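Here's the structure, in structure tokens; my notes come after.
The values are calculated or read from the model by the stated rules, or taken from the named source; none is laboratory data. Please read all numbers here as calculations on a predicted model, not as lab measurements. Ideal geometry is used to build each Cβ from the backbone, glycine not excepted, and the neighbour counts take in all protein chains shown.
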Amino acid sequence: MGVGIGVPGLVDPDRGRVAVAPNLPALNERELGPDLGRVLGRPVRVENDVNAIAVGEWRKGAGRGARALLVVTLGTGVGGGLILAGTLYRGPDGTAGEVGHMPLRPGGPRCRCGARGCLEVYASATAVVAAARAAGVPTEGGAAAVAVAARAGDPRARKVFARAGAAVGVAAAGLVNLLNLDRMVIGGGLAGAWDLMEPHARRELGRRAFSRPLERFRWAPSLLGDDAGVVGAAILAKENMGA
Ligand SMILES: [Zn+2]
């Protein structure tokens, strides 16, 4: 039996190599698959962590039955994994799915990637907490605390989620029109607050997306939660190695 592992970074799954992992620099340029495989005595399949999450949700979670699926994680940053035409779409360099750095506003706030106005600066948990703090909402407890305030009717907190939801809706409209996306699964730390964001996302999507793909399209909060990456990595290990 093989082992699957998801790494937050750019990986080459065929070689088991981590090209760059910005938050785990010790793994940069490391042959993680072969190295771990020697220690464990089993084949190890290395995949990008959000790609593993996408495969998990697609095969066993909220993405089941979707034909063109984006799984987006709204967490510290915003990540994404794309399933197209019945397979995980990595792109020629393995970088596909980075929906967090889809530009929404050319002159928007600076993103950690260096560009301005990326989806991530509006819709990450980090962005929600920063906007809430700036609006005077207590943020001890992070985005979950902001969600509690919003549910209690705090208009400032509700506005923060409205802005984040609207940003997701604008991004989704572009993706629905470009890819005929039929499902978007929302994961990450903000998934539990998706009900606060969804009406605003739906409004912006409805203003921009073509009606035919829009009829088919739906959102779904993650079903597997924190297990999605583990499930997806295991599926990838099994299917790519026959283990
Ligand atoms: Zn960015």
Say whether the condition of being under 21 Å from the mean Cα position of the chain (by Cα), among the β-branched types (V, I, T) and crowded, with 19+ Cβ neighbours inside 10 Å is met by at least one residue in the range 35-51. yes
Please tell me if G189 is small (G, A, S) and within 24 Å of A132 (Cβ to Cβ). yes
Kindly provide the set of residues from the range 97-139 that are on the phi > 0 side of the Ramachandran plot and either buried (at least 21 other Cβ atoms within 10 Å of the Cβ) or within 16 Å of the ligand (Cβ to nearest atom) (or both), ordered by number. G97, G114, G117
Given the criteria within 12 Å of the ligand (Cβ to nearest atom) and either touching a residue at least 60 places away in the same chain (Cβ under 8 Å) or of a type in the set (G, A, S) (or both), does G77 qualify? yes
Restricting attention to the range 1-34, the residues that are among the small types (G, A, S) and not in a strand (DSSP E or B) number exactly 6
Take V176 and decide whether it is surrounded by 18 or more Cβ atoms within 10 Å (Cβ to Cβ), assigned by TED's automatic domain parsing to the domain that holds E215 and of a type outside the set (S, T, Y). yes
For D35, state whether it is at pLDDT 95 or above and either out of contact with any strand residue (DSSP E or B) (no Cβ under 6 Å at 6 or more places or on another chain) or among the charged types (D, E, K, R) (or both). yes
If you check R158 against the conditions, is it over 25 Å from D226 (Cβ atoms) and in contact with a Ser or Thr (Cβ under 8 Å, 6 or more places away or on another chain)? no
Out of the residues in the range 87-96 that are loosely packed, with under 15 Cβ neighbours inside 10 Å and in a loop (DSSP other than H, G, I, E, B), which is farthest from the ligand (Cβ to nearest atom)? P92
So, in the range 118-142, how many residues would count as being closer than 20 Å to V99 by Cα and either touching a residue at least 40 places away in the same chain (Cβ under 8 Å) or of a type outside the set (V, I, T) (or both)? 10
